């Protein structure tokens with residue numbers, strides 16, 4: 001459960017995020033949709049504690065991101081924009097490192113790693129060093145290490161960026177499966193179709209503020225349009241950023 | 001605490017697999033001993049050349065001065081007959097110097113007039129200088145010796161003509177060059193420590209940022225300070241190894257080469273001394289890791305870090321340079337300067353001088369305090385959000 005209240009962040013004179021409020025429920029996929037530079041990643045970074053909000057607050061499972069960052073970090077799994085792996089460690093070692101940092105160890109950790117390797121079809125690359133992995137393989141490792149502690153909340157920054165059609169489908173399938181286990185999923189995307197295909201709840205962000213939010217049907221009703229694409233353009237007031 | 005150890009273990013494993021980085025570090029550890037060994041051997045061979053080798057001297061007209069020839073032979077000169085054209089031979093560099101004794105020498109000598117001999121030499125040829133000086137000194141010596149005898153025979157004290165006696169004290173001997181070189185030994189040890197940790201620190205800080213793994217890493221529920229300490233500790237074994245290898249290298253150089261013979265001073269690099277130097281250098285490992293960590297954490301890429309770190313490794317050489325030219329007494333203020341105090345102490349260990357325990361303690365504490373301060377700054381740096389999201 002993620003609750004965002006009046007969140008703001010500036011970098012110098014640039015007001016990246018202004019008074020953003022929304023909440024993301026458990027068992028749902030919530031999408032932050034908006035053109036590049038709209039403030040989606042900045043919002044996400046405040047939620048995963050690497051940026052400190054200038055104003056407003058955000059809570060994850062009841063823990064405030066500024067007051068108890070370590071608790072928040074324990075309750076989230078994050079696929080950030082930066083997905084660098086350790087090239088001289090194997091897939092398993094990469095995942096294990098993050099598991100250990102989350103306080104897992106021993107048999108429980110190894111079982112969890114095995115489960116993730118199976119779930120993400122990584123058996124062939126499980127014991128190879130990650131040097132030279134393809135984009136898809138690297139992404140799988142990054143996801144596995146983000147989920148190694150089985151977090152209740154999963155934050156994904158542009159999860160299908162750079163993936164081919166087949167991998168994108170697999171990725172969406174995987175996200176739905178996570179949702180079906182009752183997790184709270186929050187993802188960002190600048191791709192209309194992606195959000196339409198995946199999300200139960202959509203927050204449209206433009207110029208650092210929330211332009212509209214609601215379930216897909218609510219958005220159609222609010223804007224009076226009969227498809228999401230038109231609703232999106234109506235909400236942000238331009239065609240900027242549309243695929 | 002446990003998490004610091006997790007980070008340290010991971011960084012050590014990661015770094016060990018990065019063969020190229022740590023082998024470069026090891027090369028720097030061997031740099032000092034190899035360079036000093038080579039220089040000592042060069043100096044040693046020139047010392048031996050000068051002292052042991054007899055002088056080969058080509059003489060034209062040996063028959064004109066049998067006494068002079070005998071005098072030269074008594075002074076370790078091997079007299080050889082000169083080629084037909086001595087000047088050409090010297091000009092071409094075939095011979096360093098040729099002595100020409102003209103036929104009228106004997107007559108002038110017997111009648112008490114100044115007898116003249118000629119030396120053919122090329123004053124611009126450096127390698128010939130040793131030979132030229134030696135033969136000039138011998139000839140002067142012969143002249144003074146006979147002159148003195150003549151005065152004595154006539155009942156005059158030879159001191160009458162010795163108005164001013166000059167004694168030369170030449171400090172620019174090969175020995176003193178070597179002593180200068182030895183003054184740099186402490187710095188080479190410190191240099192090895194700095195360069196031993198540099199590749200490891202670079203990879204775990206600037207490298208982490210460069211390969212985009214810093215952001216995911218910092219999202220883990222671990223206090224930021226733990227990352228700094230974990231990464232620092234991971235650099236320690238590598239710099240320990242560098243320090244150890246350098247010391248073993250110097251130990252071998254100074255125990256295999258007859259250094260005392262070359263230098264005329266005793267350099268006591270036995271196992272106990274090496275062990276003491278090892279201990280006195282331990283705080284520098286902390287300092288070298290901390291300061292390079294701080295700088296490398298500012299760098300956006302390993303390449304950028306690679307342009308900064310070598311300068312840091314050179315900083316401790318500045319007091320070392322001063323030490324080489326102006327011998328400094330191990331005063332309190334010197335011990336308060338990290339790396340400088342240790343260099344003075346190492347020098348004292350090497351020269352088998354007594355060490356004051358309080359100096360060793362002060363130097364150690366000063367270095368540890370500075371290292372802690374730098375680490376504290378690094379931790380503060382890692383707590384800022386700019387550590388991940390820096391504007392390029």
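The values are calculated or read from the model by the stated rules, or taken from the named source; none is laboratory data. Everything quoted here is computed from the prediction, not taken from an experiment. Cβ placement follows ideal geometry from the backbone for every residue including glycine, while neighbour counts extend to all protein chains displayed.
Observations, loosely collected:
- Among the residues making up segment B:243-281, a single one is under 29 Å from residue B:379 (Cα atoms) and free of Cβ contacts under 8 Å to residues at least 24 places away in the same chain: B:279.
- Scan of segment A:26-37 for residues that are out of contact with any helix residue (DSSP H, G or I) (no Cβ under 8 Å at 6 or more places or on another chain) and at pLDDT below 95, ordered by number: A:36, A:37
- Inside segment B:101-138, residues that are touching a residue at least 60 places away in the same chain (Cβ under 8 Å) and either outside any helix (DSSP H, G or I) or closer than 17 Å to residue B:66 by Cβ (or both) make up a count of 1.
- Some residue of segment B:53-75 being touching a helix residue (DSSP H, G or I) at 6+ places or on another chain (Cβ under 6 Å) and over 30 Å from residue B:116 (Cβ atoms): no
- Residues of segment A:50-67 that are free of Cβ contacts under 8 Å to residues at least 60 places away in the same chain, within 20 Å of the chain's Cα centre (by Cα) and either more than 8 Å from chain B (Cβ to nearest Cβ) or assigned to a strand (DSSP E or B) (or both): A:53, A:57, A:58, A:59, A:63, A:64, A:65, A:66.
- Scope segment A:74-94; condition more than 16 Å from residue A:154 (Cα to Cα) and either at pLDDT below 95 or part of a helix (DSSP H, G or I) (or both); matching residues: A:84, A:91, A:92, A:93, A:94
- For residue B:95, the criteria (1) part of a loop (DSSP other than H, G, I, E, B); (2) loosely packed, with under 15 Cβ neighbours inside 10 Å; (3) in contact with a helix residue (DSSP H, G or I) (Cβ under 8 Å, 6 or more places away or on another chain) hold in every case but one, which is (2).
- Failed condition for residue B:386, given (1) within 14 Å of chain A (Cβ to nearest Cβ); (2) assigned to a loop (DSSP other than H, G, I, E, B); (3) out of contact with any helix residue (DSSP H, G or I) (no Cβ under 7 Å at 6 or more places or on another chain): (2)
- Hey, residue A:47 within 11 Å of chain B (Cβ to nearest Cβ) and out of contact with any strand residue (DSSP E or B) (no Cβ under 6 Å at 6 or more places or on another chain) or not: no
- Residue within segment A:94-105 that is surrounded by 14 or more Cβ atoms within 10 Å (Cβ to Cβ) and away from chain B (no Cβ under 14 Å) present: no
- Some residue of segment B:361-379 being without any contact (Cβ under 8 Å) to a residue 12 or more places away in the chain, away from chain A (no Cβ under 14 Å), within 30 Å of residue A:46 (Cβ to Cβ) and in a helix (DSSP H, G or I): yes
- Every condition in (1) within 14 Å of another protein chain (Cβ to nearest Cβ); (2) within 16 Å of the chain's Cα centre (by Cα); (3) closer than 28 Å to residue A:180 by Cα holds for residue A:23 except the one numbered (1).
Each row is one residue, and each column tells you yes or no for (1) more than 14 Å from chain A (Cβ to nearest Cβ); (2) modelled with pLDDT under 85.
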residue	(1), (2)
B:21	no, yes
B:25	yes, yes
B:30	yes, no
B:47	yes, yes
B:61	yes, no
B:66	yes, no
B:83	yes, no
B:86	yes, no
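- Lone unmet requirement of (1) surrounded by fewer than 18 Cβ atoms within 10 Å (Cβ to Cβ); (2) in contact with a helix residue (DSSP H, G or I) (Cβ under 6 Å, 6 or more places away or on another chain); (3) touching a residue at least 60 places away in the same chain (Cβ under 8 Å) for residue B:83: (3)
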